[in-house]
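Worksheet for the structure shown next.
Here, each number is a calculation from the coordinates, and none is a lab measurement. Given the structure is predicted, the values throughout are model-derived calculations rather than measurements. Counting neighbours? That spans all protein chains shown, and the Cβs are built from the backbone with ideal geometry, glycine included.
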Amino acid sequence: MGDVGDFWRDVKTDWKQRSKDKKWANIQNGEQALTGMKIPFEKKSLHHYVVGNKIDYWPSTGKYIVRKNNKSGRGLKNMVREFKNIEALEAL
């Protein structure tokens, strides 16, 4: 293969490794963050958590889905904000 082909093959393998590393870091950081904020969650598997029996959360990608209305989003901070909003509405 030519120089350009070799370059992109190397870049692709590097991107894949970075993606794997990032997903693993997200899993570790997500669990630590939820535990630190004292937010109840249940680990269904390494890649799937149920937060407060209200939200399905996948820490490797940051995706979450609210069970009540199927609202989805991304990011740990957004998921925590959504969880706190649900808790506040239920307290009324």
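Things worth noting here:
- All positions within the range 53-92 that are in contact with a helix residue (DSSP H, G or I) (Cβ under 6 Å, 6 or more places away or on another chain) and hydroxyl-bearing (Ser, Thr, Tyr): Tyr57, Ser60, Tyr64
- If you go through the range 23-40 and pick out every residue that is over 14 Å from Asn78 (Cα atoms) and either of a type in the set (D, E, K, R) or under 13 Å from the mean Cα position of the chain (by Cα) (or both), you end up with 10.
- Checking His48 against (1) at positive phi; (2) free of Cβ contacts under 8 Å to residues at least 24 places away in the same chain, the condition it does not meet: (1)
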